[in-house]
Every structure is written in C-alpha cells, then in structure tokens.
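This report refers to the structure that appears directly beneath it.
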C-alpha cells in the first residue's frame, strides 16, 4: 500500500486530499475509508491507501486507512526474578 498524509479535509462535503510520497494531491471520499470514521480524521495524519479511480474516472485513493504506528515497546523479561524483602524482627525500627 502507498503512504501519504492528509493534506486537506472538506468536512461538509465528506472528502479530502492526501499528499502522496511524490508530493502530489490525491482525492479521497469518505466512502473509501476502512476501519476509521471520517469525523475522526485530522489534517496531518498519516494514511495508507491504494491508487484507484473515482466515480468520475480521475485518479483517487481507495481503501484508505490510518497508517499503523511502528512503535517498539520493550517488554519486561519473564526471566527476571523479584527478591522478597528481608524479614524484619518484631520490635525493630529498621525498614527492610
């Protein structure tokens, strides 16, 4: 899938334009969104899409969806051991 950025949204008409990787604007209509509501889109968001044709035969983005963030999270190792606190004698004022 190609990637781009939402350059402009025409909210009252239900369409917008994606800035493609080659800096051109590509039309998209809200009926071509997948997995996202048009009302939740914002200019500047990264999207993935396929190139297709609009109803008028001109180039358009179809199957438009938000680009998945590629965030690596470091998960704690399951091999880590947790040591139990040392026992404190009764009446002692020392903290473990």
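The values are calculated or read from the model by the stated rules, or taken from the named source; none is laboratory data. Please read all numbers here as calculations on a predicted model, not as lab measurements. Cβ placement follows ideal geometry from the backbone for every residue including glycine, while neighbour counts extend to all protein chains displayed.
The residues of the stretch 21-45 that are closer than 19 Å to residue 57 by Cβ and in a strand (DSSP E or B), listed by number, are 25, 26, 27, 28, 29. It is to be established whether one or more residues within the stretch 50-62 are at pLDDT below 95, within 27 Å of the chain's Cα centre (by Cα) and either within 30 Å of residue 12 (Cα to Cα) or assigned to a loop (DSSP other than H, G, I, E, B) (or both). Yes, the stretch 50-62 contains a residue that is at pLDDT below 95, within 27 Å of the chain's Cα centre (by Cα) and either within 30 Å of residue 12 (Cα to Cα) or assigned to a loop (DSSP other than H, G, I, E, B) (or both). Per the conditions (1) surrounded by 15 or more Cβ atoms within 10 Å (Cβ to Cβ); (2) at pLDDT below 95, the sole criterion not satisfied by residue 75 is (1).
I need the full set of residues from the stretch 1-14 which are surrounded by fewer than 18 Cβ atoms within 10 Å (Cβ to Cβ) and either in contact with a strand residue (DSSP E or B) (Cβ under 8 Å, 6 or more places away or on another chain) or in a strand (DSSP E or B) (or both), in order please. Walk me through how you get there before you give the answer.
Step one: filter the stretch 1-14 for residues surrounded by fewer than 18 Cβ atoms within 10 Å (Cβ to Cβ), giving 1-3, 5, 7-8, 10-14.
Hits for the stretch 1-14 are 1, 2, 3, 5, 7, 8, 10, 14.
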